[in-house]
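J.: Quick one: this structure, given as structure tokens, is what I'll be asking you about.
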Amino acid sequence: MPKIRRPLEQINKIDEEELLILKKRVDIATAIIIIFVAFLIARLWFLQIHKGEEYGRLSENNRIRIQETQAPRGNILDRHGRIIITNRPYFNLVWTKEDAPDPDYVIKRLSRILNEDISTLLSRIREASGRPRYVPILLKEDIDWKTLVYIENHHFELPGVRVEAVPSRDYLYQNLASHLIGYLGEISKEELKKKEYSNYQGGDPIGKMGIEKVFEKELRGEKGHRYLEVDVHGFEQQELEQQDPLPGRDLQLTLDIDIQRTAEKALEGLGGAVVAMEVNTGNLLALASSPPLQLEEFVGGISSKAWKKLLENPLHPLFDKTIQGQYPPGSTYKIVTALAGLAEGVITPETILYCPGSMRLHGRRYGCWKASGHGAVSLTQALAESCDVYFYQVGLKVGVDKLATYAESLGLGQKTGIILENEKEGLVPTSDWKKRRKNESWQEGETLSVSIGQGFNLTTPLQVCRMTAAIVNGGKILRPHIIAEIKDPDGSTIQKTEPEVVGEAFGNAQQRNSIIKGLVAAVNNRHGTSGNAKLANITVGGKTGTAQVVRMKKFKSMPEAELPRKYRDHAWFTCFAPAENPEIAITVLIEHGGHGGSAAAPIAKKILEEYFKDRLKQDVEP
């Protein structure tokens, strides 16, 4: 019978080497457990202590949602305190990714509700790809009432979607002063990168043009905040706290609504500009560019179709002709030539020069607009009847460089300093300019053209109006102002604009008075070119101008009515009143309008009648 081994004997026979191996294995397992536990403790410390505050805040954000509330932009008023632009509520559709468990379903559903292509909605979502998931994405601006009601009634079926009520611009006078005031648009990615827009977010409205852009900081105001308790799907449960937004500051313009409307109505259907200025302050009463912008088209973002239509319009509505239009000044420049001739001693008010209808220089004929000639003319008659030959002779004696000096002293060829973007400076040519620009010497024949406002001369309507004001206000070159006051929402004045003299015209009072006499004769004398601006009991002084667009022999004998519009001359008229104590200067420019006396002067007359309506009414009352 085999011998049975007892358990105790088995244990006693375990090799010492085997025990050592077993001990090592236990030690390794223990070390792994200790390391694992240490890692868990370190991670717990990192999450609960080091990052505790941050994750606590994120966790709280899952329950408490902070909504920003857009501040109402400041109102824009005219000089008499009448509101031109204020605010109205409109409704935006926004979507929060974090609250949408099935984004594809939501986007497809919204595409049908909004009647928008899915690609359009997706592009807006892609534009916001860098933002946190809890920041709302603007999908549609200014939704209509029917869409709003539908979404509110079905909002439980659209997780993450909500309607935001935000203040929008309300244009009480439609497109009044549209180029001056400008419009709003959604802030772009490029703008968001700029330091001055560091406190803006994607989707915020921002001024894109005109006063809305230049005074963005003053008009914008400060956002408010709502602290809401939401459920896991982002649906609002209750409002915990609210901080009201601070409205933007109000801008009171120097503009007069009635004068501006009169100017814009007179320009209907035309391409052109009107500037009306107080001659002693530089305050602008009207700044009209035609055609106007359709401001309502920009609310909620202008459509590509509407934008294309603006770009293709031959009258160029996107172009502010008052400060960006650069045109040959035509015979309005004869004011400069007259002042230079008087100040340089080339002529006196009594100097008589003969006009036979043309002038020859170096074998070339330079004609007067009146082919039969004006005969023997003085300065007064030359200004009144706009005799080209008279000013040819004066300009030739003065010289182009001296003419340029006097033109610049009257503010031509330089920006006026108006607080608007993209103002153009025009051009006052000199012999040195031509040498630098074209590497050619100046020709005397070119001086004749410059003397009557043709050739290389370029001016803006605002420059011509300021020049006119300087002739009658004692030679002061004023900075044009469009802002009278900036006010806090409580009505207190933050900033008030005062007249600012930035230069002084050459020549003395006697010389300027001689020019004024000729300009008054232009409106009131029988053969004056500006008779269409004459008022019954207010003495007006003014100067017409016809600026040649192209020289084409084949059109020379063609009646103006049959001439293609793009080849017709620009029509100018600049004036002031009352002549005894001038208050207002008005400049009118009609693109391809033909003659200043027939196209531009009647428009100026309508504005003068509006400005002087109370005095004209008193004069006719028994």
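J.: Filter segment 140-185 down to residues that are assigned to a strand (DSSP E or B) and acidic (Asp, Glu) and give me whichever is nearest to Gly207 (Cα to Cα).
T.: Ranking the qualifying residues of segment 140-185, first place goes to Asp170.
J.: A further question on this structure: Could you check segment 152-185 and list, in sequence order, the residues that are modelled with pLDDT of 90 or more, surrounded by fewer than 20 Cβ atoms within 10 Å (Cβ to Cβ) and either touching a Pro at 6+ places or on another chain (Cβ under 6 Å) or of a type in the set (A, V, I, L, M, F, W, C) (or both)?
T.: Answer for segment 152-185, where residues must be modelled with pLDDT of 90 or more, surrounded by fewer than 20 Cβ atoms within 10 Å (Cβ to Cβ) and either touching a Pro at 6+ places or on another chain (Cβ under 6 Å) or of a type in the set (A, V, I, L, M, F, W, C) (or both): Leu172, Asn175.
J.: Hey, another quick one. If you scan segment 126-150, which residues turn out to be touching a strand residue (DSSP E or B) at 6+ places or on another chain (Cβ under 6 Å) and of a type outside the set (D, E, K, R)?
T.: Once the filter is applied, which keeps residues that are touching a strand residue (DSSP E or B) at 6+ places or on another chain (Cβ under 6 Å) and of a type outside the set (D, E, K, R), segment 126-150 yields Ala128, Pro136, Ile137, Leu138, Leu139, Ile143, Leu148.
J.: While we're looking at this one, here's another question. Select, from Gly325, Gly301, the only residue that is of a type in the set (Gly, Ala, Ser), in a loop (DSSP other than H, G, I, E, B) and farther than 30 Å from Leu396 by Cβ.
T.: Gly301
J.: Additional query: Identify the single condition in (1) over 30 Å from Thr254 (Cα atoms); (2) at pLDDT below 85 that Lys146 does not satisfy, given that it satisfies every other one.
T.: Unmet for Lys146, out of (1) over 30 Å from Thr254 (Cα atoms); (2) at pLDDT below 85: (2).
J.: Here's a follow-up. Regarding Thr281, is this residue under 19 Å from the mean Cα position of the chain (by Cα), over 19 Å from Tyr390 (Cα atoms) and assigned to a loop (DSSP other than H, G, I, E, B)?
T.: Taking the combined requirement at face value, the residue does not satisfy it.
J.: Take segment 95-135 and flag every residue that is without any contact (Cβ under 8 Å) to a residue 60 or more places away in the chain and not in a helix (DSSP H, G or I). Walk me through how you get there before you give the answer.
T.: Here is the first cut: in segment 95-135, the ones without any contact (Cβ under 8 Å) to a residue 60 or more places away in the chain are 102-126, 129-130, 132-133.
Result: Asp102, Asn115, Glu116, Asp117, Ser129, Gly130, Pro132, Arg133.
For every residue, the table says whether it meets (1) among the hydrophobic types (A, V, I, L, M, F, W, C); (2) farther than 30 Å from Ser449 by Cβ; (3) outside any helix (DSSP H, G or I); (4) touching a helix residue (DSSP H, G or I) at 6+ places or on another chain (Cβ under 6 Å).
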| position | (1), (2), (3), (4) |
| --- | --- |
| Leu293 | yes, yes, yes, yes |
| Ala306 | yes, yes, no, yes |
| Lys309 | no, yes, no, no |
| Leu318 | yes, yes, yes, yes |
| Lys321 | no, no, yes, no |
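J.: Sticking with this one: Residue check: is Ala579 among the hydrophobic types (A, V, I, L, M, F, W, C), closer than 25 Å to Gln463 by Cβ, part of a loop (DSSP other than H, G, I, E, B) and at pLDDT 95 or above?
T.: Yes, satisfied.
J.: Then there is this: Determine which single condition Trp369 fails, assuming it passes every other condition in (1) among the aromatic types (Phe, Trp, Tyr); (2) assigned to a strand (DSSP E or B); (3) within 28 Å of Gly426 (Cα to Cα).
T.: Among (1) among the aromatic types (Phe, Trp, Tyr); (2) assigned to a strand (DSSP E or B); (3) within 28 Å of Gly426 (Cα to Cα), the lone unmet condition for Trp369 is (2).
J.: How many residues, within segment 205-219, are crowded, with 22+ Cβ neighbours inside 10 Å and closer than 14 Å to Ser168 by Cβ?
T.: Total satisfying the criteria: 3.
J.: All but one of (1) in contact (Cβ under 8 Å) with a residue 40 or more places away in the chain; (2) surrounded by 20 or more Cβ atoms within 10 Å (Cβ to Cβ); (3) among the hydrophobic types (A, V, I, L, M, F, W, C) hold for Val428; which doesn't?
T.: (1)
J.: Among residues belonging to segment 456-481 that are in contact with a Gly (Cβ under 9 Å, 6 or more places away or on another chain) and in a loop (DSSP other than H, G, I, E, B), point out the one that is surrounded by the fewest Cβ atoms within 10 Å (Cβ to Cβ).
T.: Arg479
J.: Enumerate the pairs (first residue in segment 308-332 and among the basic types (Lys, Arg); second residue anywhere and buried (at least 18 other Cβ atoms within 10 Å of the Cβ) and outside any loop (DSSP other than H, G, I, E, B)) with beta-carbon separation below 8 Å, excluding pairs fewer than 6 apart on the same chain, so at least 6 apart or on different chains.
T.: These pairs meet every condition: Lys321/Gly272; Lys321/Ala273; Lys321/Ser289; Lys321/Ser290; Lys321/Pro461; Lys321/Leu589.
A quick yes/no check of all residues on (1) farther than 26 Å from Pro489 by Cα; (2) among the polar types (S, T, N, Q); (3) at pLDDT below 80:
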| position | (1), (2), (3) |
| --- | --- |
| Leu228 | yes, no, yes |
| His233 | yes, no, yes |
| Glu241 | no, no, yes |
| Pro247 | no, no, no |
| Ile259 | yes, no, no |
| Gly271 | yes, no, no |
| Glu297 | yes, no, no |
| Leu311 | yes, no, no |
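J.: Gly325 is checked against (1) more than 18 Å from the chain's Cα centre (by Cα); (2) on the phi < 0 side of the Ramachandran plot; (3) surrounded by fewer than 24 Cβ atoms within 10 Å (Cβ to Cβ); (4) of a type in the set (Gly, Ala, Ser) and fails just one. What number does that condition carry?
T.: So the condition that Gly325 fails would be (1).
J.: Hey, another quick one. For Thr351, are the conditions met, namely being assigned by TED's automatic domain parsing to the domain that holds Glu421, over 26 Å from Gly413 (Cβ atoms) and polar (S, T, N, Q)?
T.: Details: assigned by TED's automatic domain parsing to the domain that holds Glu421: yes; over 26 Å from Gly413 (Cβ atoms): yes; polar (S, T, N, Q): yes.
It is true that Thr351 is assigned by TED's automatic domain parsing to the domain that holds Glu421, over 26 Å from Gly413 (Cβ atoms) and polar (S, T, N, Q).
J.: If you don't mind, there's one more thing I want to ask. Of everything in segment 521-562, what is part of a helix (DSSP H, G or I), at pLDDT 75 or above and not small (Gly, Ala, Ser)? Give them in sequence order.
T.: Val523, Asn524, Asn532
J.: Moving to a separate point now. Could you please find all residues in segment 186-200 being surrounded by fewer than 10 Cβ atoms within 10 Å (Cβ to Cβ) and of a type outside the set (S, T, N, Q)?
T.: Listed by number, the residues that qualify are Lys189, Glu190, Lys193, Lys195, Glu196.
J.: Counting only residues that are closer than 22 Å to Glu212 by Cβ and crowded, with 20+ Cβ neighbours inside 10 Å, how many does segment 239-266 have?
T.: Within segment 239-266, residues that are closer than 22 Å to Glu212 by Cβ and crowded, with 20+ Cβ neighbours inside 10 Å number 15.
J.: Being hydroxyl-bearing (Ser, Thr, Tyr), in the same structural domain as Val502 (by TED's automatic domain parsing) and within 38 Å of the chain's Cα centre (by Cα): is that true of Ser331 here?
T.: Yes, satisfied.
The values are calculated or read from the model by the stated rules, or taken from the named source; none is laboratory data. This structure is a prediction, so every number in the text was calculated from the model and none was measured. Cβ: placed from backbone, ideal geometry, glycine included. Neighbour counts: every protein chain shown.
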